[in-house]
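Since the structure comes first, as structure tokens, the remarks are kept for the end.
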Amino acid sequence: MSETASGIEELEAFEGGAPAERLRSRPAEVWSAVVANRLAVVGLVVLGLLVVAAVIGPTIAPFGINEQNITNRFAGPSRDHWFGTDDLGRDVFSRVLVASRGSLQVGAVAVGIALGLGVPIGLVAGFYGGLADGALMRLMDIVFSFPAILLAIAIVAVRGPGLLNAMIAIGIVYMPIFARITRGSVISVRNEVYVRAARSLGASGPRIMRRHVLPNVVGPIIVQTSLSLAFAILSEAALSFLGLGVQPPQPSWGRMLADGRGFMKQAPWIGIFPGLAIVATVMAFNLVGDGLRDALDPRQKSIIESRGQQA
């Protein structure tokens with residue numbers, strides 16, 4: 001009994017002295033590297049504005065999202081209507097502003113679903129290998145073999161159109177990406193000294209994965225999360241464009257694009273401004289993702305610095 005207690009104490013002491021590689025031991029360093037990247041800062045500013053718009057958009061919108069004024073339909077951008085009005089006389093700026101909440105919500109929840117399903121699968125497959133790895137990765141290959149948007153359309157078609165089903169569909173579509181990235185990272189660290197030491201001290205497989213493996217593979221997962229948020233917003237816009245995502249009367253950037261395509265010659269602003277909102281959001285997530293990649297991958301950072309010195 002004393003030997004067991006001693007082993008537990010040794011294990012806890014070992015885990016208390018976390019390996020230097022752990023991301024959680026250097027958040028300030030990572031943050032400093034991200035804010036040193038000007039493009040990443042631009043992306044953070046844009047995302048901050050989008051989050052503010054999503055939170056307080058309905059309260060600061062100058063007009064109601066479904067407030068119609070048929071006598072003022074197809075009005076161009078002006079002081080009263082910054083983005084003009086649509087075919088029903090609704091203020092496009094108000095609708096674009098409020099639609100940011102739905103787009104960011106879909107992106108966050110869908111990527112959360114993909115993370116919650118894909119990361120554990122990748123952890124188990126990469127850590128144990130063998131039959132578990134083969135079975136789980138073949139399952140991911142089956143899901144990954146379908147074109148992303150077609151699989152999302154199929155899932156929504158089965159479950160029915162709507163915001164919740166769109167989030168579930170997009171989450172399932174991006175699940176294999178997180179599983180693959182996590183598995184590859186786990187394979188690269190599962191035989192490290194600190195993992196072997198934890199195993200020799202009697203730590204169980206789940207404990208090793210949770211306390212030693214996952215913290216050391218979280219970097220690539222964070223980068224992929226930021227990039228997947230951009231793709232999830234694009235997927236939601238595509239589903240809404242096809243009438244399978246956010247349903248009227250709730251505004252959606254994709255749905256507004258679909259509504260505006262029939263008036264491109266008469267009132268191009270109906271589709272242009274929602275499209276610009278999508279572009280700005282996706283670009284912002286990509287810029288932040290690139291900044292995180294450079295901060296979390298020393299090899300990538302050294303390559304960029306060497307190229308800068310050569311230039």
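The values are calculated or read from the model by the stated rules, or taken from the named source; none is laboratory data. Not measured: the values here are computed from a predicted model. We place every Cβ from the backbone using ideal geometry, glycine too, and count neighbours over all the protein chains shown.
Residues in the range 58-107 that are surrounded by 14 or more Cβ atoms within 10 Å (Cβ to Cβ) and among the basic types (K, R): R73, R90, R95, R101. Filtering the range 80-98 to residues that are farther than 15 Å from A267 by Cα and modelled with pLDDT under 90 leaves only D80.
Just one residue in the set A258, A230 is under 29 Å from R180 (Cα atoms), in contact with a Phe, Trp or Tyr (Cβ under 7 Å, 6 or more places away or on another chain) and in a helix (DSSP H, G or I); that residue is A230. The residue that is surrounded by the most Cβ atoms within 10 Å (Cβ to Cβ), among those in the range 250-284 that are at pLDDT 85 or above and more than 19 Å from L97 (Cβ to Cβ), is F263. Residues in the range 184-199 that are of a type outside the set (D, E) and in a loop (DSSP other than H, G, I, E, B): R190, N191. Pairs meeting the criteria (first residue in the range 45-56 and more than 14 Å from S103 (Cα to Cα), second residue part of a helix (DSSP H, G or I), beta carbons under 7 Å, at least 6 apart or on different chains) are V46/A280; V46/A284. G205 fulfils the conditions (1) of a type outside the set (D, E, K, R); (2) farther than 18 Å from G112 by Cα; (3) surrounded by 20 or more Cβ atoms within 10 Å (Cβ to Cβ) except for a single criterion, (3). Taking each residue of the range 200-212 that is part of a helix (DSSP H, G or I) and looking for partners that are small (G, A, S) and surrounded by 13 or more Cβ atoms within 10 Å (Cβ to Cβ) with beta-carbon atoms closer than 8 Å, six or more apart or interchain, yields R207/A198; I208/A198; R211/A198; R211/A203; H212/A198; H212/A203. Would you check if there is a residue in the range 34-53 being in a helix (DSSP H, G or I), at pLDDT below 85 and touching a helix residue (DSSP H, G or I) at 6+ places or on another chain (Cβ under 8 Å)? Yes; the residues of the range 34-53 include at least one that is in a helix (DSSP H, G or I), at pLDDT below 85 and touching a helix residue (DSSP H, G or I) at 6+ places or on another chain (Cβ under 8 Å). Tell me, yes or no, whether the range 145-152 has at least one residue that is touching a Phe, Trp or Tyr at 6+ places or on another chain (Cβ under 6 Å) and buried (at least 21 other Cβ atoms within 10 Å of the Cβ). No; the residues of the range 145-152 include none that is touching a Phe, Trp or Tyr at 6+ places or on another chain (Cβ under 6 Å) and buried (at least 21 other Cβ atoms within 10 Å of the Cβ).
Going by the structure shown, is G107 modelled with pLDDT of 90 or more and not hydrophobic (A, V, I, L, M, F, W, C)?
Judged against the criteria, G107 is not a match.
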